[in-house]
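One structure is given here, and the rest of the page talks about it.
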Amino acid sequence: MANHKSAEKRAKQNKVIRNTNRSKKSKSRTFIKRLRSAIEQSNKDEAQKLLPIVQKLLGKLSKTSAMKKQTAARKTSRLAKQVNAL
């Protein structure tokens, strides 16, 4: 348990940040799954519609400490490569 006022505040902030990061990661994972299923079904229109959304979500995650920049770049690149191959 926090002993100082600043430590209590920091604990509250960490909880809020953790929850926002979790929700953003969850949302991005959901859209990545949708995109991958569209790729598997060779649904080019759906995949091309979802790709910018996924790129935007990954970009937002990488701006904060929710995801490393290189990880987001790698995922974006691989998904774009798969969509372009359709």
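Brief remarks on what is shown
- Scanning the stretch 47-64 for residues that are in contact with a helix residue (DSSP H, G or I) (Cβ under 8 Å, 6 or more places away or on another chain) and closer than 30 Å to residue 13 by Cα yields 53, 54, 55, 57, 58, 59, 60, 61, 62, 64.
- The residues of the stretch 53-80 that are within 18 Å of residue 18 (Cα to Cα) and either among the hydrophobic types (A, V, I, L, M, F, W, C) or modelled with pLDDT of 95 or more (or both), listed by number, are 57, 58, 61, 66, 67.
- All told, residue 72 falls short of being small (Gly, Ala, Ser), under 10 Å from the mean Cα position of the chain (by Cα) and part of a loop (DSSP other than H, G, I, E, B).
- Sole exception among (1) outside any loop (DSSP other than H, G, I, E, B); (2) within 30 Å of residue 2 (Cα to Cα) for residue 66, by number: (1)
- Residue in the stretch 34-50 that is under 26 Å from residue 18 (Cα atoms) and β-branched (Val, Ile, Thr) present: no
- On the stretch given as the stretch 54-86, residues that are under 13 Å from residue 24 (Cα atoms), of a type in the set (Val, Ile, Thr) and surrounded by 14 or more Cβ atoms within 10 Å (Cβ to Cβ) total 1.
The values are calculated or read from the model by the stated rules, or taken from the named source; none is laboratory data. The model shown is predicted, which means the values in this text are computed figures rather than measured ones. Counting neighbours? That spans all protein chains shown, and the Cβs are built from the backbone with ideal geometry, glycine included.
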